[in-house]
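Undergrad: Provided herewith is a single structure, encoded as structure tokens, for subsequent inquiry.
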Amino acid sequence: MSDTLTLAALLIPSLIIAIVFHEVAHGYAALLLGDPTAQEKKRLSLNPLRHVDPVGTLLVPGGLALAGAPVFGWAKPVPVRPWRLNNPRFGMMAVAAAGPATNFVLAFVGAILLGLFAGDLNAGASLEEPSLAVQGLFYFILINVFLGLFNLLPIPPFDGSHILEGLLPRKLVPFYAKLRPFGMLLFIGLIAVTWFAPEWGVLENTVGPAVDWTMKQYLSLTTSIAG
């Protein structure tokens, strides 16, 4: 039980920070591109209470952690009104990309801090009996990498779907938009399979390779800093 509580104490703050910054980045990008909706709704705040979704930020991540599955979650989406953007087509792509980009920046900061705390760390390896600070920073990097890459999947309602929609020829956009309801069903199914059948390794076999490669790059930075 103590190990589970320790893991939760490390994962939950990292996940909340990753999700809150992710959502605020969407809102600020929209504001810079002409849509002040998030500002009007007071969502350009780092106060977690303005962004936390009881299910997506607490229940689902906690259940996945207890099940030994990869931990992910979501917050209340920051409202964006495409018609208020200066250039809706480009603007939605930029707003969508801002969230994952922020997670990768946070992971970069975490890798630097981990290098300062960890000492000599071989890329991809774990320390023997690492301190809580080292463990916390490692999970902070991992959660941000996973959240950033997961959101880049071109499946509605993920950020990647908005990026893909902006890249598609205009004549194909209406057809792609019709797939959105099915994307939500797929998302719900993915949560169910990940939660109830973690042994299937669905996420590990899809996003997993990209997460592993990206983590190696960040830990290589950590190693170079640790000397």
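Undergrad: Please state which of the following conditions Ala192 fails to meet, knowing it meets all the rest: (1) in contact (Cβ under 8 Å) with a residue 24 or more places away in the chain; (2) under 18 Å from Asn151 (Cα atoms); (3) of a type in the set (Gly, Ala, Ser); (4) open to solvent by 30 Å² or more (accessible area, probe 1.4 Å).
TA: For Ala192, the exception is condition (1).
Undergrad: For segment 205-223, which positions are in a helix (DSSP H, G or I), closer than 18 Å to Phe104 by Cβ and open to solvent by less than 80 Å² (accessible area, probe 1.4 Å)? Working first, answer last.
TA: Taking segment 205-223 first, the residues in a helix (DSSP H, G or I) are 205-206, 208-223.
Now restrict to residues that are closer than 18 Å to Phe104 by Cβ: 208-222.
Across segment 205-223, the qualifying residues are Gly208, Pro209, Ala210, Val211, Thr214, Met215, Tyr218, Leu219, Ser220, Leu221, Thr222.
Undergrad: For Leu44, state whether it is in a loop (DSSP other than H, G, I, E, B) and surrounded by 15 or more Cβ atoms within 10 Å (Cβ to Cβ).
TA: Yes.
Undergrad: Read through the list (1) open to solvent by less than 20 Å² (accessible area, probe 1.4 Å); (2) farther than 17 Å from Asn144 by Cβ; (3) out of contact with any Pro (no Cβ under 9 Å at 6 or more places or on another chain), then give the number of the only condition that Val55 fails.
TA: Going through (1) open to solvent by less than 20 Å² (accessible area, probe 1.4 Å); (2) farther than 17 Å from Asn144 by Cβ; (3) out of contact with any Pro (no Cβ under 9 Å at 6 or more places or on another chain) one by one, Val55 breaks only (1).
Undergrad: Return the residues of segment 75-89 that are more than 13 Å from Arg50 (Cα to Cα) and open to solvent by 70 Å² or more (accessible area, probe 1.4 Å); say none if nothing qualifies. Steps first, answer last, please.
TA: Here is the first cut: in segment 75-89, the residues more than 13 Å from Arg50 (Cα to Cα) are 80-89.
If the condition is that a residue be more than 13 Å from Arg50 (Cα to Cα) and open to solvent by 70 Å² or more (accessible area, probe 1.4 Å), then Arg81, Trp83, Arg84, Asn86, Asn87 are the ones that fit.
The values are calculated or read from the model by the stated rules, or taken from the named source; none is laboratory data. Computed from a predicted structure; not experimentally measured. Neighbour counts are summed over all protein chains in view; Cβ atoms, including those assigned to glycine, are modelled from backbone coordinates with ideal geometry. When the accessible area is computed, the model is the full protein with side chains, heavy atoms only, and any ligands, DNA or RNA have been set aside. Shrake-Rupley method; radii C 1.70, N 1.55, O 1.52, S 1.80 Å.
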